[in-house]
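Nothing in this text is a laboratory measurement; each read-out follows from the coordinates by a stated rule. Remember, predicted model here, so these are calculated numbers, not experimental data. Ideal geometry is used to build each Cβ from the backbone, glycine not excepted, and the neighbour counts take in all protein chains shown.
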Amino acid sequence: MASENINVRVKGELQTHVQQQIGVKGLYENASEYIRALIRHDLKNSTEAWDWLRQNLEPIIYLSA
């Protein structure tokens, strides 16, 4: 898989928040690590949400059929 760069510019409150998450006081070494962690978290939440819907809606669909 070819590596592509995505550049994102943030200002104000968003920039302050990212800066708090990186460096000596933060959990991440740089902004890229933080953004990758956010994307992984989002993907996990999305998958879990779909799994929850399937588990909870499939029984209802079968009962109403």
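Odds and ends about this structure:
- Per-residue packing, averaged as other Cβ atoms within 10 Å, sorts the ranges 38-47, 4-13, 18-27 into the order 18-27, 38-47, 4-13, beginning with the highest.
- Per-residue Karplus couplings for the stretch 14-25, computed as 6.51 cos²θ - 1.76 cosθ + 1.60 with θ equal to phi - 60°, are listed in order as 5, 5, 4, 5, 4, 4, 6, 8, 10, x, 4, 8 Hz, Gly and Pro entered as x.
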